[in-house]
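Step one of this worksheet: look at the structure below.
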Amino acid sequence: MTTTCCVPRTMTDRVDQEAWDRDGYAIVRGFFSPEEVADIGVEIDGLQAEGVAHGRSFRHGNLFYKIAQGAGGPVVQMVQWPSYHRPLLDRVRLDPRFAQLLAPLIGGDVKQIINQVHWKAPGAAGDFAWHQDSRFRRPAECYRNLATSYVQTGLAIDPHGSASGGMRFVPRSHVLGDLDLDTDTEVLGTAMRDAALDRVGLSGADIVQLELEPGDLALWNPFLVHGSGPNRSDHQRRFYINGYVRAEDCDRGEWAFRDGNPVPLGDEPALVHYEALRERPEPHHP
């Protein structure tokens, strides 16, 4: 059984530390204004048009467009590190509101290892199997104290809930550490199955369905079990994800904030997840 996340729609510049530690996630309502979200949406639509024009998956350094082939042509599922060439998206990830929100959780010196946009078109599958983000923090030795040094954030651009294939969380699952959630399968494109939860001692009765309005921000721990289903609504579900980490605990990623102040991208991209960044940085179709 899935319950709905019921958090009062009040703006705050802080996360309740006790609730964060206990549940492994938090919601900040109205983190960005409707006007700001509208501008971000226009930028994201332009990014999607770029992906469609590429026709298939495309990489240029850390910038990566993941493209599937649908009945009507190319379908953009995800773009990693659009901030390298989309100034507005770059400004969003470095917004001082993020620095203020993160400071009590991971401090003022912060790197970023996730910068990506996800799309789910109406009628598109777009499932994400039950997983923990910790499975993607590789090589493991580059990510220290992962349970307390890393915060994933997702900004809703569209209504984000059960109808549109919004995220589902299993509260308090983060305290169990790494779980054997079938890491041999691809997360994107694999349906959530409660049997996977049962196998690791979790209950489907504890599942929380996130219900976010445009401008709301979700935060979650890298060990929190989560997933999402297909978009059965009549609108897109766009989601802007930025993952931050305490700088001293991570050997990878681009700087985001030093002493709470935004750090612009440098001339040379930093090593994040693309292992062949130095050997093959040029534009290509993987």
Q | Conditions (1) within 16 Å of the chain's Cα centre (by Cα); (2) among the small types (Gly, Ala, Ser); (3) more than 20 Å from Asp267 (Cα to Cα); (4) outside any loop (DSSP other than H, G, I, E, B); number of the one not met by Gly126 | A | (4)
Q) For region 87-107, does any single residue satisfy the condition of being at pLDDT 95 or above, charged (D, E, K, R), part of a strand (DSSP E or B) and buried (at least 19 other Cβ atoms within 10 Å of the Cβ)? A) no
(Q) So if I check each of Ser203, Ser173, which one is over 13 Å from the mean Cα position of the chain (by Cα), closer than 24 Å to Arg22 by Cα, polar (S, T, N, Q) and at pLDDT below 90? (A) Ser203
**Q.** Matching residues in region 234-257 - criterion: being at pLDDT 95 or above and within 18 Å of Leu212 (Cα to Cα)
**A.** Arg237, Arg238, Phe239, Tyr240, Ile241, Asn242
Q.
Based on this model, can you work out whether Ala53 counts as part of a helix (DSSP H, G or I), more than 16 Å from the chain's Cα centre (by Cα) and at pLDDT below 95?
A. no
Q. Within region 141-182, can you find the residues that are of a type outside the set (S, T, N, Q), assigned to a loop (DSSP other than H, G, I, E, B) and over 28 Å from Asn231 (Cβ atoms)?
A. Arg144, Gly177, Asp178, Asp180
Q.
Being in contact with a Phe, Trp or Tyr (Cβ under 9 Å, 6 or more places away or on another chain), within 26 Å of Asn221 (Cβ to Cβ) and modelled with pLDDT under 95 is true for just one of Gln17, Gln77. Which residue is that?
A. Gln77
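Could we say that Gln69 is under 20 Å from the mean Cα position of the chain (by Cα) and either among the polar types (S, T, N, Q) or part of a strand (DSSP E or B) (or both) here?
On the way: under 20 Å from the mean Cα position of the chain (by Cα): no; either among the polar types (S, T, N, Q) or part of a strand (DSSP E or B) (or both): yes.
Judged against the criteria, Gln69 is not a match.
From the list Gln112, Gln77, which one is out of contact with any helix residue (DSSP H, G or I) (no Cβ under 8 Å at 6 or more places or on another chain) and assigned to a strand (DSSP E or B)?
It is Gln77.
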Q: For region 119-148, name all the residues that are touching a Phe, Trp or Tyr at 6+ places or on another chain (Cβ under 9 Å) and at pLDDT below 85.
A: Gly126
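The values are calculated or read from the model by the stated rules, or taken from the named source; none is laboratory data. Worth saying up front: this structure is predicted, and the values here are computed from it rather than measured. Positions of Cβ are generated from backbone atoms using ideal geometry, with glycine treated the same way; all protein chains shown enter the neighbour counts.
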